[in-house]
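Shown next, in structure tokens, is the structure this report addresses.
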Amino acid sequence: MCGAELTKLPDGVQRVAAFLQASGYSQTPSMLQVAARTAQQAADALGVELGQIAKSIIFKRKSDDVAVLVITSGDKRVDEAKVQALVCSDGSKLGRADADFVKLKTGFAIGGVAPVAHLTEPVTLLDKELFRFETVWAAAGHPNAVFEVTPQGLQLLAQAPVVDVVV
């Protein structure tokens, strides 16, 4: 890829594609014919198991307004208390991030938040449940864009520790 192909993609997808390319990842994001704003919609569009969707959940660390990114399987629910215990060692609280906060910190709209290429570097956690699968699919900066990656590759790209943060 020489870069000209990237200009045909939405801005967020261009940022993710450039990040993947700069990281030495050979695949580019794919644009789906339908929006995949939820893990179920993505799984249906791709014809894969719900758990193979690597969903990116953003929380807000209240003490310093830092984004906390949790990447987990689409068939699992994040345990906020487990996340808080891992990222709020000073006793501060973790809160839900609204759409404005998500857009400001990541540069992506909810429904298309990629696990990489955020505008502001988040605290990132990768849930161990993703490692049940040979490959997973993650959002690529737009509700219609995804990329396929191994869980090990995702861990390297996101530079995240593998943890247990689901119910």
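At a glance:
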| item | result |
| --- | --- |
| Qualifying residue in segment 67-78 (condition: within 17 Å of GLY141 (Cβ to Cβ) and touching an Asp or Glu at 6+ places or on another chain (Cβ under 8 Å)) | yes |
| Selection from segment 41-71 of residues that are basic (Lys, Arg) and buried (at least 21 other Cβ atoms within 10 Å of the Cβ) | LYS55, ARG61 |
| Residue pairs meeting the criteria (Cβ under 6 Å; at least 6 apart or on separate chains; first without any contact (Cβ under 8 Å) to a residue 40 or more places away in the chain, in segment 60-86; second of a type in the set (Val, Ile, Thr) and assigned to a strand (DSSP E or B)) | GLY74/ILE53 |
| Segments classed as helices (runs of 4 or more DSSP H), wholly inside segment 56-167, with at least 2 members that are among the hydrophobic types (A, V, I, L, M, F, W, C) and closer than 17 Å to GLY12 by Cα | 99-106, 151-158 |
| Qualifying residue in segment 39-58 (condition: of a type outside the set (Asp, Glu) and in contact with an Asp or Glu (Cβ under 6 Å, 6 or more places away or on another chain)) | yes |
| Enumeration of residues in segment 93-148 that are among the β-branched types (Val, Ile, Thr), within 14 Å of the chain's Cα centre (by Cα) and more than 18 Å from VAL78 (Cβ to Cβ) | VAL116, THR120, VAL146 |
| Selection within segment 140-151 - touching a helix residue (DSSP H, G or I) at 6+ places or on another chain (Cβ under 8 Å) and either without any contact (Cβ under 8 Å) to a residue 60 or more places away in the chain or more than 15 Å from ALA17 (Cα to Cα) (or both) | PRO151 |
| Yes/no for ASP79 being touching a helix residue (DSSP H, G or I) at 6+ places or on another chain (Cβ under 8 Å) and under 19 Å from ASP164 (Cα atoms) | no |
| Some residue of segment 33-40 being surrounded by 19 or more Cβ atoms within 10 Å (Cβ to Cβ) and either part of a strand (DSSP E or B) or not small (Gly, Ala, Ser) (or both) | no |
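Bear in mind these aren't lab numbers, they're just calculated from the coordinates by the rules spelled out. For clarity, every value in this text was computed on a predicted model and none was experimentally measured. A quick note on method: Cβ atoms are made from the backbone with ideal geometry, for glycine too, and the neighbour counts reach across all protein chains shown.
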